Amino acid sequence: MWAGRAQSIMLSMFSDNLLRTLSQTRVDDARRDVRRHSEARGGPAPRGSLNRVSQDAPLTIRHASAADFPALERLAALDSRRIPSGELFVAEAEGRLLAATSLDTGAIIADPFEHTASVVELLRVHANTVRPEVPRAVEIGGREPVAALPKAA
């Protein structure tokens, strides 16, 4: 009994260590890409370009596009998570993605180095307003439950 439990604990520890290492590698890759991009534009990356997003910066919530994939990978790596599946909404400020949510699953990724609690809440509210209502089972008389369709507005 103990051998099986110890083995499962060791496997979960291995997975955690592996995921942590992979996440750190992806963060390092993202930082290296930022440095390369800045150097290609004419010099080393200024330290000011790596600062936090201003609290007064306008926030844009929009559907994610294919062009957002590298930024979503970076965001997922920073948050040590996978990119959520399905249709995504992203929150962007000063040209940087701060958070993303899946309309299908409700999963969220966010930049842990930014103040994103209010941004995540806005994304949730926005996603809930456009997420289709799930049909619910309704019992009619003594019959089997049937799926009820949402009422037309």
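The values are calculated or read from the model by the stated rules, or taken from the named source; none is laboratory data. No experiment lies behind these values; they were computed from the predicted model shown. Please note: Cβ atoms are built from the backbone with ideal geometry, for glycine as well, and neighbour counts cover all protein chains shown.
The number of residues in region 21-59 that are loosely packed, with under 12 Cβ neighbours inside 10 Å and either within 16 Å of ASP111 (Cα to Cα) or at pLDDT below 70 (or both) comes to 11. Taken across region 85-100, residues that are among the hydroxyl-bearing types (Ser, Thr, Tyr), surrounded by 11 or more Cβ atoms within 10 Å (Cβ to Cβ) and modelled with pLDDT of 90 or more do not occur at all. From the list PHE14, PHE69, the one residue that fits, being at pLDDT 90 or above, hydrophobic (A, V, I, L, M, F, W, C) and in a helix (DSSP H, G or I), is PHE69. Candidates are the residues of region 86-132 that are assigned to a strand (DSSP E or B) and charged (D, E, K, R); the one that is farthest from LEU75 (Cα to Cα) is GLU92. Residues in region 51-103 that are of a type in the set (Gly, Ala, Ser), free of Cβ contacts under 8 Å to residues at least 60 places away in the same chain and touching a helix residue (DSSP H, G or I) at 6+ places or on another chain (Cβ under 7 Å): ALA64, ALA77, ALA91, ALA99, ALA100.
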